[in-house]
Amino acid sequence: MSGRKKKAAALYVEQVVEFMNHLKEEKPLLPLLIPLILLLWVVERCFFSFSNWVPLAIAVWATIQYGSYQRQILVEDLNKRWQQIVLKNSPITPLEHCEWLNKLLMEIWLCHISPKLSIRFSHMVEKRLKHRKSRLIEKIELQEFSLGSSPPGLGLHGTRWSSSGDQRVMHLGFDWDTNDMSILLLAKLAKPLLGTARIVINSLHIKGDLMLMPILDGKAVLYSFVTTPEVRIGIAFGSGGSQSLPATELPGVSSWLAKIFNDTLVKTMVEPRRRCFSLPAVDLRKKAVGGIIYVKVISASKLSRSSLRGSPSRRQQTYYTDSGVEDDYDDKDLLTFVEIELEELTRRTDIRPGSDPRWESTFNMVLHEEVGVLRFHLYACTPCSMKYDYLASCEIKMKYVADDSTTFWAIGPDSSVIAKHAEFCGKEVEMTVPFEGANSGELTVKLVLKEWQFSDGSHSLNNFRVGSQQSLNGSSNFLSITGRKVSITVVEGTDLVLKDKSGKFDPYVKLQYGKILRRTRTAQTPNPVWKQKFEFDEIGGGEYLKIKCYSEETFGDDSIGSARVNLEGLIEGSVRDIWIPLEKVNSGELRLQIEAVRISDNEGSRGLNAGSGNGWIELVLVEAKDLVAADLRGTSDPYVRVQYGNLKKRTKVVYRTLNPQWSQTLEFPDNGSLLELHVKDHNALLPTSNIGDCVVEYQRLPPNQMSDKWIPLQGVKRGEIHVRITRKVPELPKRSSLDSEPSLTKAHQVSSQMKQMMIKIQSLADEGNVEGISTALSELGSLEDTQEEYTVQLENEQMLLLNKIKELGQEMFDSSPSLSRSSGN
């Protein structure tokens, strides 16, 4: 009780002090009044007494002043509450100037905001340049990225709030005019253009009106421009080390880049397209590099031909049936399907009738970044016809949030906002989104973000974090150098697209990682099983594994889909087993098993003999038998094209036989690449046709021991090829330093023979001898292969000599006591 009394007394004392301070502000003469009262009190006590009304008057005066003070506090409190009510319920607020915000931005821009934004934007630009460069540019690098020292101006003419339903919107101006930014790009031009070019962006002007919309109870903010902003870009150009030329000397380039910039803004950040800035309570500091999302298209409702977007002819459809009778179709006769698009990955539902169709179709989609845009396109099928008409579309955007959650948002009715938040992976989110530009019609979908993949190797999966090995070890296992191997097994495929109307289907897969290409064998089913394993040296910097799926055809192979896989953050000892949906087609998935393997010291020493480049592969193509007939006369003109990594060689052509004999020797540097044999039928005018292929296994062969075997050909009904293969590991001490002279002499002889062959081809062309030209070209190809063999042999010998010199130098160093002591000191 005593404690409570003390607290109450302290509260009263504070109120009295506050009241006295208030009186001092309102009544400046009050300090003079108090001494006067004390003087009167002394006079009363010492000289004569005043009447009793004086204390009463003082008490009344103090009561009046205190009441006035309380009324003033109450009025201020009511005014604040009224302003809050007006701010909350008023559709628009007056302009408020925010010079303080721009002053604060100027103080912190140079040292804090500009460096962070420069790093963030540079990573985004590097990724776009790496995977979306022009065909005329072989390679482009971002060498410098700085936004300069001038921050953008925000709300220079004031800011205001408005409301649309329950959604609050802030409007403020955006004006950025900087002349000291520096974005330097170095481009290596491809053929027919050659050389290098420097592109420098040194000034930027952007002016427009921004909209900020808080969503999800303040967990995120959507932002966009109200209309297309005004954009001007300053460009400078140069080549090699020469002085840069001003952009005015290259007319149209600056305006072209400004148009590209404007188009990008319109597609991503101009109403009704909005970007999202998340405000998580917790930041786990994870960088998401991809993810897997399940998209379920449930149904559509309120579909109407007259309200859906399209040309007038589409809104008033009139078709002719096979009987020639003209029929009119109303909304209940609609036949519609939905095409789902995520970057270059597309899938489509089945066709359903009516104005309220129901599909219930689920698709597996892949994200390659921390953000993604799902687009849904609605099409109508024309009865008794193969064509279909575009009706309308809508889109849903998603973004990874730093607290390991996911935000989904879309455009609602009357440009409002539809936003959902999934706190963990595996949580199902259902959204009903109206079709854009239509008076009626909406689409209902369910989204399940199954997994986010991170750059450190961990991933979020159904609210369970895998990859704690990194946090326990204190560092990531991801290496940015080629210190590990990436093992990729192409297991199987399903629902691959069949393009050949004849029913023939021979799919195979090509893998490209960096500059290394691999391919599987050819299967004969839309659901093939390969189970082929390939190994690549790991590449840092976020290099993608590029996948292309083909179907073998007589006149050129058909593409039946492609895909990209981000290989960042692979964990040693953990196999990533995933289904990859194929892009640029309507169906098809490939199953891959991906694993990172560290190369140990023992494995590295074995690699010197089997794949390190200190030896070579000797392949003798002896003969083939029982080949299929590719010509109408019942024979073939077979030759063999050998692919070993990036190297390609071929044998001579043997005409009019199904049992050819080549007896030709080819050599390759032993780097562990896949050795593929493609038996082709030679045609002088038409494209060559494939009559079988196979893979030669050599990795487990003992050094310098020849393996003689017959290998059945794949992709055809019959045929075998006879090869002899040896992994050559030379003994350098037995070789003389003059042994390379015959190779040099033979290389010069081959060059002279190629010159003579070119002269012969020219004379045959003048005579019009087509068959002679075909034979001469075949012989010229054999000479080129021979020349390449000698080149590879000389390179191997040079490398072996250099390695031996290093070994001898090390032996001399170890055996010399004086050198050992000097190094020890």
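The values are calculated or read from the model by the stated rules, or taken from the named source; none is laboratory data. In this text, all values refer to a predicted model and were calculated from it rather than measured experimentally. Counting neighbours? That spans all protein chains shown, and the Cβs are built from the backbone with ideal geometry, glycine included. To get the accessible areas, we keep the full protein, side chains included, count just its heavy atoms, and leave off ligands, DNA and RNA. Shrake-Rupley method; radii C 1.70, N 1.55, O 1.52, S 1.80 Å.
Quick notes on this one:
- Taken as a whole, segment 520-532 holds at least one residue that is of a type in the set (S, T, N, Q), at pLDDT 85 or above and buried (at least 19 other Cβ atoms within 10 Å of the Cβ).
- Number of the condition not met by Ser355 [criteria: (1) of a type in the set (S, T, N, Q); (2) open to solvent by less than 30 Å² (accessible area, probe 1.4 Å); (3) not in a strand (DSSP E or B)]: (2)
- Residues of segment 639-672 classified as charged (D, E, K, R) and at positive phi, total: 1
- Sub-6 Å Cβ pairs linking a first residue in segment 416-435 that is acidic (Asp, Glu) to a second residue that is assigned to a strand (DSSP E or B), at least 6 apart or interchain, are Glu423/Ser405; Glu428/Lys446; Glu428/Val448; Glu430/Lys446, ordered by first then second residue.
- Unmet criterion (only one of (1) of a type outside the set (S, T, N, Q); (2) within 28 Å of the chain's Cα centre (by Cα); (3) at negative phi) for Gly426: (3)
Yes or no, residue by residue, for (1) closer than 25 Å to Val221 by Cβ; (2) within 20 Å of the chain's Cα centre (by Cα); (3) open to solvent by 40 Å² or more (accessible area, probe 1.4 Å):
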{"position": "Met365", "(1), (2), (3)": "no, yes, no"}
{"position": "Gly372", "(1), (2), (3)": "yes, yes, no"}
{"position": "His377", "(1), (2), (3)": "no, no, no"}
{"position": "Leu391", "(1), (2), (3)": "no, no, no"}
{"position": "Ile396", "(1), (2), (3)": "yes, yes, no"}
{"position": "Lys399", "(1), (2), (3)": "yes, yes, no"}
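- Test for Leu592: is it modelled with pLDDT of 90 or more, surrounded by 15 or more Cβ atoms within 10 Å (Cβ to Cβ), within 20 Å of the chain's Cα centre (by Cα) and not small (Gly, Ala, Ser): yes
- Residue ID - most open to solvent (accessible area, probe 1.4 Å), chosen from residues in segment 493-519 that are farther than 17 Å from Ser559 by Cα and either outside any loop (DSSP other than H, G, I, E, B) or at pLDDT below 65 (or both): Ile516
- Test set (1) farther than 23 Å from Arg518 by Cα; (2) under 42 Å from the mean Cα position of the chain (by Cα); (3) modelled with pLDDT under 85 - Pro730 fails condition number: (2)
- Residue that is open to solvent by 30 Å² or more (accessible area, probe 1.4 Å) and within 46 Å of the chain's Cα centre (by Cα), where the choices are Glu618, Glu676, Glu623: Glu618
- Matching residues, segment 536-559, being farther than 28 Å from Ala596 by Cα and at pLDDT 80 or above: Ser551, Glu552, Asp558, Ser559
- Count of residues meeting criterion [modelled with pLDDT of 70 or more and open to solvent by 90 Å² or more (accessible area, probe 1.4 Å)] in segment 750-776: 8
- Within segment 549-598, considering residues that are assigned to a strand (DSSP E or B) and of a type in the set (S, T, N, Q), the one nearest to Gly715 (Cα to Cα): Ser551
Yes/no per residue for (1) under 29 Å from Ile73 (Cβ atoms); (2) modelled with pLDDT under 70; (3) open to solvent by 80 Å² or more (accessible area, probe 1.4 Å):
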residue	(1), (2), (3)
Pro28	yes, yes, yes
Leu32	yes, yes, yes
Pro35	yes, no, no
Glu44	no, yes, no
Ser49	no, yes, yes
Trp61	yes, no, yes
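- Every residue from segment 390-420 that is closer than 20 Å to Val270 by Cβ, part of a strand (DSSP E or B) and among the polar types (S, T, N, Q): Ser393
- Applying a threshold of 8 Å to beta carbon distances and a minimum spacing of six or more residues, or different chains, the list of pairs starting in segment 663-687 at a residue that is closer than 17 Å to Ile711 by Cβ and ending at one that is of a type in the set (Lys, Arg) and part of a loop (DSSP other than H, G, I, E, B) reads Gln664/Lys652.
- Looking across segment 362-382, the residues that are within 25 Å of Phe454 (Cβ to Cβ) and assigned to a strand (DSSP E or B) come down to Phe363, Asn364, Met365, Val366, Leu367, Val371, Gly372, Val373, Leu374.
- From the options Glu423, Glu451, residue that is of a type outside the set (A, V, I, L, M, F, W, C) and more than 15 Å from Leu284 (Cβ to Cβ): Glu451
- Residue match in segment 663-672 (condition: β-branched (Val, Ile, Thr) and open to solvent by less than 30 Å² (accessible area, probe 1.4 Å)): no
- Any hit, segment 579-589, residues being free of Cβ contacts under 8 Å to residues at least 60 places away in the same chain and either among the polar types (S, T, N, Q) or buried (at least 16 other Cβ atoms within 10 Å of the Cβ) (or both): no
- Which listed residue is free of Cβ contacts under 8 Å to residues at least 24 places away in the same chain and either more than 28 Å from Cys694 (Cα to Cα) or in contact with a strand residue (DSSP E or B) (Cβ under 7 Å, 6 or more places away or on another chain) (or both), from Val529, Val575, Val565: Val575
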